[in-house]
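J.: Pasting a structure below so you can have a look.
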Amino acid sequence: MILIDAGKYLTGKNNLSTTKKESLFVNLAAFYIDRTETTVTQFRKYQPRYNEKPFTDGKGCPTCPAMGINWIQASKYCRWAGKRLPKEEEWEAAARGVSNFTYPWGEVFRPQHSNLHGKEDGHLFAAPVGSFLSGASASGLVDMTGNVWEWVDNKKSSRPQPNARVVKGGGWSSNKSQARISFRNHVDLKMNNPTFGFRCAKSLEQK
């Protein structure tokens, strides 16, 4: 896991506004977050019968991210592992750092820095985690953009749907707009979409 220092972080927006500048920042306590998305191998230790092949064109990929995971499953895995799902603000802080970047690596979209829709990145489905080191965040986290959407623990959805949760970062079938750090995808917490995965976080006080 990678330590994200305590501090004031920009969340939700790409551009600073002189009239709303303060409202765009949140103060976060230091926390740890997984460097990569939870892999098939890791998830299989929790759920031995998990099978990734329906999502990988029938091919085994133990180092690919666990896919087709809903919010409940992701949350239970993180608790089993002694961790938790990251809060949305924490996820953005880990992806953006102290910058105002649109993507983890900078302001300009670069197709070969992440696994999104299309052939330019070399993958039509999920890629093994860490395949796009050039797209790492300033903190060293990989695949914060693309590969699989990542569940976050945010129950304050702006939409009137009690079972809605947020996934971040875009997946292999997403476009560059959906892959922006600030983009929020509201979906049902029980949805097992093939492009949905997760990574875990941990508070410093957690044992």
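The values are calculated or read from the model by the stated rules, or taken from the named source; none is laboratory data. Owing to the predicted nature of the structure, the values given are computational and were not obtained by experimental measurement. Cβ atoms come from the backbone with ideal geometry, glycine included; neighbour counts cover every protein chain shown. Heavy atoms of the whole protein, side chains included, go into the accessibility calculation; ligands, DNA and RNA do not. Shrake-Rupley method; radii C 1.70, N 1.55, O 1.52, S 1.80 Å.
J.: Within the group PHE196, PHE125, which residue is touching a Ser or Thr at 6+ places or on another chain (Cβ under 9 Å) and either loosely packed, with under 15 Cβ neighbours inside 10 Å or of a type in the set (Phe, Trp, Tyr) (or both)?
T.: So the residue among PHE196, PHE125 that is touching a Ser or Thr at 6+ places or on another chain (Cβ under 9 Å) and either loosely packed, with under 15 Cβ neighbours inside 10 Å or of a type in the set (Phe, Trp, Tyr) (or both) is PHE125.
J.: May I pose another question? Of the numbered conditions (1) open to solvent by less than 20 Å² (accessible area, probe 1.4 Å); (2) modelled with pLDDT under 90, HIS117 satisfies every one except a single condition; which is it?
T.: Every listed condition holds for HIS117 apart from (1).
J.: Still on this model: Tally the residues that are in contact with an Asp or Glu (Cβ under 7 Å, 6 or more places away or on another chain) and touching a residue at least 40 places away in the same chain (Cβ under 8 Å), restricting the search to segment 39-65.
T.: The number of residues fulfilling the criteria is 3.
J.: Any idea which residue in segment 128-141 is most open to solvent (accessible area, probe 1.4 Å), counting only those that are among the small types (Gly, Ala, Ser) and on the phi < 0 side of the Ramachandran plot?
T.: ALA138
J.: Taking segment 165-200 on its own, how many of its residues are under 11 Å from the mean Cα position of the chain (by Cα) and not in a loop (DSSP other than H, G, I, E, B)?
T.: 5
J.: Within segment 78-111, restricting attention to residues that are open to solvent by 20 Å² or more (accessible area, probe 1.4 Å) and not in a loop (DSSP other than H, G, I, E, B), which residue is nearest to GLY135 (Cα to Cα)?
T.: So the first thing to find is which residues in segment 78-111 are open to solvent by 20 Å² or more (accessible area, probe 1.4 Å), and the list is 79-84, 87, 89, 98-101, 105, 107-111.
Next, only the ones that are not in a loop (DSSP other than H, G, I, E, B) stay: 79-80, 84, 89, 111.
Numbers: ARG79: 28, TRP80: 29, ARG84: 25, GLU89: 20, PRO111: 10 Å.
Among them, the one singled out is PRO111.
J.: Scan segment 23-62 for residues that are part of a loop (DSSP other than H, G, I, E, B), surrounded by fewer than 15 Cβ atoms within 10 Å (Cβ to Cβ) and not hydrophobic (A, V, I, L, M, F, W, C) and report the count.
T.: Of the residues in segment 23-62, 9 are part of a loop (DSSP other than H, G, I, E, B), surrounded by fewer than 15 Cβ atoms within 10 Å (Cβ to Cβ) and not hydrophobic (A, V, I, L, M, F, W, C).
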